[in-house]
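Read through the structure below, which is laid out as structure tokens, and then see the notes.
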Amino acid sequence: MKIGDKVRFLFDVGGGTVAAIKGNIVMVEDADGFQIPTPINEVVVEAEAQSYSTASMVAAMQRDEKKQASLKSDGRSMRSILNDGMDEVDEELASDVRRPEDDPSMKDVTFRKPVEERKGGNKLSAYLAFVPVDVKQVTNTQFETYLVNDSNYYLQYAYMSAENNNWILRASGVLEPNTKEYIEEFTQRDVNSLGKVCIQMHAFKKDKPFTLKKPVSVALRIDQVKFYKLHTFQPNDFFEQPALLYTIIEDDKLAHSILIDADTLKNEMFDDIIETADAEPKQKPLPRHGLEDALVVDLHAEKLLDNTAGMSSADILNFQLEHFRKVMKEHRSQKGKKIIFIHGKGEGVLRHAIIHELNYRYKSCTYQDASFQEYGYGATQVTVK
């Protein structure tokens, strides 16, 4: 074997031309000009391989068998055989050979996209949500539990349920900003074990300064009867399907907890006594508005517009919503004011749009279905808070 000979690989497909011989290593140059270092006993001259006479083929087979036998009897590993003579390879060639750990494409990707914060999200808002798998079969379906983080903070949480005088941990983890996380699935038979739940949370941000938030600890009493009623599950901003939401914290204000800390209650009562003694006489609180003072607003298009000719359904809906916002703006300072919006039953498009507005723009207000005896199933009662 000499430089310039055409060879093929003994144990692999392909071959090339001998470009250099370095000890026990042959530099085989392929058709693309790449030089492949190969042990000399793993190549065979192409001229011998292409001879089709019986004698030459038998001779070639005998040589191949001898080479394979020598490899087996050598006792060395394949790595040592391949490395044999490599110390004589050119340094320039050796520098081009990268170890797998030096190859950037083999390294793990550690980059993570920074969390996008939304305007108004620096006040903590979090909710416990129950979502029926099949809302049309609410009395015979399973329910999914979610925790919703509607803030720019990470929330480390623990979700527990009461069992006699003890608590059972149901889930724990970290909620990423502005996300919801699936917790578990349960059936109607499991609802009894969720009569009383507790959620504890600790808020923080990563890789940036943040305002310190107080730890959250809220215990909620879950009304088991609600899981048997269809109207319990309402449209919302967090799920495509109706859900039952319990507020944990909203705009940094904790939900009312069924657990009362004795020391906290004592301190608050003591502070109230001091404030009462030092404070000037206060004015009498304004009377709250009852249903007799309720404002009734009919949002039907024929009541708001003289003529709807040339208007699309979207145009009419936008006009109705603008009137809804105008009424809410006019009465937003009247705490306790009750407003009944008549939107009709129809396909429920206007009602869903109003519910969305209340959940998104007027979170402090409460709402419920208005008396169906007076307004049927097409009215929503809003209480200004």
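Odds and ends about this structure:
- Filter result (free of Cβ contacts under 8 Å to residues at least 40 places away in the same chain, assigned to a helix (DSSP H, G or I) and surrounded by 14 or more Cβ atoms within 10 Å (Cβ to Cβ)) within the range 358-381: L358, Y375
- Residues of the range 328-356 classified as assigned to a helix (DSSP H, G or I) and buried (at least 16 other Cβ atoms within 10 Å of the Cβ), total: 6
- Close Cβ contacts (under 6 Å, 6 or more residues apart or on different chains) running from residues in the range 298-318 that are of a type in the set (G, A, S) to residues that are assigned to a helix (DSSP H, G or I) comprise A301/I316.
- First in the range 152-178 and polar (S, T, N, Q), second anywhere and assigned to a strand (DSSP E or B) and open to solvent by 70 Å² or more (accessible area, probe 1.4 Å), Cβ under 6 Å, 6 or more apart: Q156/H202; S161/I168; S161/R170
- Against the conditions (1) open to solvent by 30 Å² or more (accessible area, probe 1.4 Å); (2) modelled with pLDDT of 90 or more, I260 satisfies every one except (2).
- The range 207-225, residues that are outside any loop (DSSP other than H, G, I, E, B), closer than 21 Å to I249 by Cα and open to solvent by less than 90 Å² (accessible area, probe 1.4 Å): V216, S217, V218, A219, L220
The values are calculated or read from the model by the stated rules, or taken from the named source; none is laboratory data. Given the structure is predicted, the values throughout are model-derived calculations rather than measurements. So basically every Cβ, Gly included, is an ideal-geometry build from the backbone, and we count neighbours across all protein chains shown. Only protein heavy atoms, including side chains, enter the accessible area calculation; ligands, DNA and RNA are left aside. Shrake-Rupley method; radii C 1.70, N 1.55, O 1.52, S 1.80 Å.
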